[in-house]
Structure formats: structure tokens, C-alpha cells
Amino acid sequence: MGRRLKKDDVIVVIAGRDKGSRGRILKVIPETGRVLVEGVNVVKRHTRPTPQSPEGGIIEKEMPIHESNVMLLDTKEDKPTRVRFETDDEGEKVRVSVRSGTVLEG
């Protein structure tokens, strides 16, 4: 089964607190249907000092956001787009932008 969103895709957040922001996908979590996006859904975690992080304190980190709240950015038109799957001339399954019809790499 192909995934509509993949690591290193540039996305636009379409719902929630960070609506309108753009970022790059750092990790896809298919079990829960969530994606970790750079600079989106940043929360503060209060951590106690441990041997791994002797400083402790307040750390800002990204938390996963549901994949239904993001759309892939069409680089040709610089707007969000849906994704469909087609087969190319060699019989390979490729992702295609619905908005512009361009084949998406990756």
C-alpha cells in the first residue's frame, strides 16, 4: 500500500492551532496515522535531570499531528494539493498532484 505522505515532503497545516504553517515531514507514524512536522505543534516539556540530559529544565519539541490535518504542498503552484496514484510508462506506481497533475518525487 502506498503512502500519500512521506518523509521529507513539504506540507501545509490545514486545521488546528498551527493552521497555515508549512514544514517538512521528519517522521511518518503509520500505526497511528500521524506525522511529525518540523516546527509544527511545538510543545514545552518539563524534564528532570537525567544522565542523558544533565541540564533538565523546559525543552521545546515537536509532537505528532494527525495526517488528516495536513496537505501536501504542490511546488508548481505553491498551494496545498491532494494526492492520487497512477502508473507511469514503466508500470511503476507514482504519486501525482491532483491540483497540477505533476508527478511527485519520492
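Results, tabulated for the structure shown:
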{"item": "Members of the range 46-87 that are over 15 Å from ASP9 (Cα atoms), acidic (Asp, Glu) and exposed (fewer than 12 other Cβ atoms within 10 Å of the Cβ)", "result": "GLU55, GLU60, GLU86"}
{"item": "Counted residues, the range 42-68 - those being among the β-branched types (Val, Ile, Thr) and either free of Cβ contacts under 8 Å to residues at least 12 places away in the same chain or at positive phi (or both)", "result": "1"}
{"item": "Flag for GLU55 being farther than 23 Å from LYS19 by Cα and part of a loop (DSSP other than H, G, I, E, B)", "result": "yes"}
{"item": "Unique residue being modelled with pLDDT of 95 or more, in a strand (DSSP E or B) and loosely packed, with under 15 Cβ neighbours inside 10 Å when the list is VAL43, VAL12", "result": "VAL43"}
{"item": "Neighbours by Cβ (under 8 Å, 6+ apart or cross-chain): first from the range 88-100, in a loop (DSSP other than H, G, I, E, B) and surrounded by 11 or more Cβ atoms within 10 Å (Cβ to Cβ); second at pLDDT 90 or above and among the hydrophobic types (A, V, I, L, M, F, W, C)", "result": "VAL98/VAL83"}
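The values are calculated or read from the model by the stated rules, or taken from the named source; none is laboratory data. Model, not experiment: these values are computed from the prediction. Backbone-built Cβ (ideal geometry, glycine too); neighbour counts: all protein chains shown.
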